[in-house]
Amino acid sequence: MTTETTGPSRYARHLMARARAFDAARPWVWDATLTAVWTVAALVDAAGGWRNTARDPSVPVWLVVTLTLGLSVPLYWRRRHPMTALAVMAGAALVSDASGAFLQASYLQMLPVYHLALSRPPRALLWSLALIAPPLVTGALRFPSESSDQRVIPSLWAYLLVALLGITVRSRRDDRAHEVRLAATVERARIAREMHDIIGHNLSVITGLADGGRYAAAKNPERAAQALDAIGTTSRQALAELRRLLSVLHEDGETADRAPQPTLTDLEPLIEGVRKAGLPIRADLPPDAPTLSAGAQLTVYRVLQEALTNTLKHAGAGAEATVHLSYGPEGVELVVTDTGTAVPVPGRGHGLTGMRERAARYDGTLETGPLPTGGGWHVRLRLPLEDSPS
């Protein structure tokens with residue numbers, strides 16, 4: 001059961017998506033804003049507040065301002081060059097702790113550490129620890145009184161927490177990227193099957209119509225004109241199906257073409273189109289269709305389409321086909337047989353594989369093979385009378 005998205009949460013996600021898109025297109029805006037905010041905050045602290053935490057209040061103001069800028073300005077490059085930014089900031093932190101200034105801006109080193117954990121190999125965190133440790137050790141050795149509790153331990157805890165946060169965010173991001181890639185692979189496979197069915201079937205029908213029209217042109221021009229009309233109709237139908245299928249590749253979910261897919265009511269027009277291509281077909285389609293999901297009905301349609309297409313391509317001259325669709329308590333059964341002499345050769349296409357995948361998607365089974373009587377081919381599809389899988 002799905003829960004409808006509420007308005008405020010949907011609006012919040014929309015704003016977040018817009019913000020991420022803006023940041024991806026203009027990363028310098030956010031980088032410059034964050035750097036400016038922290039630089040101003042650090043300079044305010046350097047204007048007088050730093051003396052409350054300094055071990056040596058006699059440190060020159062010009063040095064404090066210089067170190068403050070060295071600890072804040074490199075934040076602008078923290079995403080593109082986090083190791084370089086951290087190295088510059090660690091140098092300023094080393095001078096800060098060695099001089100006794102102990103600027104609180106040293107904690108800004110955690111921001112490049114976060115981006116190292118987020119976007120660089122794990123060994124980069126070891127190098128970052130090697131950069132952060134010397135200032136802490138230097139300050140602890142020169143000013144041992146309370147330096148461990150006030151500087152070393154808080155800094156190490158901050159480093160550990162920020163590194164774990166970056167690793168966690170990176171892991172979740174990688175999982176989402178994997179899910180997106182997997183979904184894209186499944187969607188590409190689905191589109192490939194649909195395109196195979198649409199193009200393969202309609203081209204086979206067009207080829208049969210063209211061959212029939214060529215033979216009829218000399219003796220019966222009216223039949224040739226009918227064949228050309230049928231070719232035009234089949235081509236337009238194929239183009240319409242392809243446009244509907246491919247529209248999802250370049251449209252969003254709200255504007256993509258949502259024209260309905262073929263259903264059980266489209267089986268008769270499908271069979272009639274193949275008849276016009278020159279394949280005699282005896283069809284037994286019950287008038288009352290059971291309740292099947294849209295996906296299951298599309299599966300029946302595509303399997304019949306593929307089976308008749310294979311008959312057109314492989315059965316040979318003089319072949320006939322029989323289509324029998326039946327419903328029972330256990331489900332729906334489609335049986336397609338032909339009297340051809342040629343046997344389809346398995347290849348690398350999506351034909352038989354696509355039919356089996358479609359059947360399995362709805363807990364059905366598919367059987368294919370030569371008829372036991374000798375000569376001819378059969379396709380048997382069984383689908384349970386159940387709702388589509390979630």
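Worth pointing out:
This table checks each residue for (1) modelled with pLDDT under 95; (2) under 25 Å from Leu34 (Cβ atoms); (3) surrounded by 20 or more Cβ atoms within 10 Å (Cβ to Cβ); (4) in the same structural domain as Thr39 (by TED's automatic domain parsing).
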residue: Val61; (1), (2), (3), (4): yes, no, no, yes
residue: Phe102; (1), (2), (3), (4): yes, yes, yes, yes
residue: Ile132; (1), (2), (3), (4): yes, yes, yes, yes
residue: Arg151; (1), (2), (3), (4): yes, yes, yes, no
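- Where Ala85 falls short, out of the listed (1) out of contact with any Phe, Trp or Tyr (no Cβ under 6 Å at 6 or more places or on another chain); (2) at pLDDT 95 or above: (1)
- When each of Tyr114, Tyr107 is tested for being closer than 25 Å to Trp62 by Cα and out of contact with any Asp or Glu (no Cβ under 6 Å at 6 or more places or on another chain), the lone residue that passes is Tyr107.
- Annotation: of all residues in the range 1-47 being surrounded by 10 or more Cβ atoms within 10 Å (Cβ to Cβ) and not in a helix (DSSP H, G or I), the one that is modelled with the highest pLDDT is Arg26.
- Filtered residue count, the range 299-323, keeping only those that are part of a helix (DSSP H, G or I) and either in contact (Cβ under 8 Å) with a residue 60 or more places away in the chain or surrounded by 23 or more Cβ atoms within 10 Å (Cβ to Cβ) (or both): 15
- From the list Leu108, Leu136, Leu116, Leu86, the lone residue that is under 21 Å from Pro154 (Cα atoms), of a type in the set (A, V, I, L, M) and in contact (Cβ under 8 Å) with a residue 60 or more places away in the chain is Leu108.
- Condition met for Leu141 (without any contact (Cβ under 8 Å) to a residue 12 or more places away in the chain, out of contact with any Phe, Trp or Tyr (no Cβ under 6 Å at 6 or more places or on another chain) and over 21 Å from Val88 (Cα atoms)): yes
The values are calculated or read from the model by the stated rules, or taken from the named source; none is laboratory data. None of the values given here were measured: they were computed from a predicted structure. Counting neighbours? That spans all protein chains shown, and the Cβs are built from the backbone with ideal geometry, glycine included.
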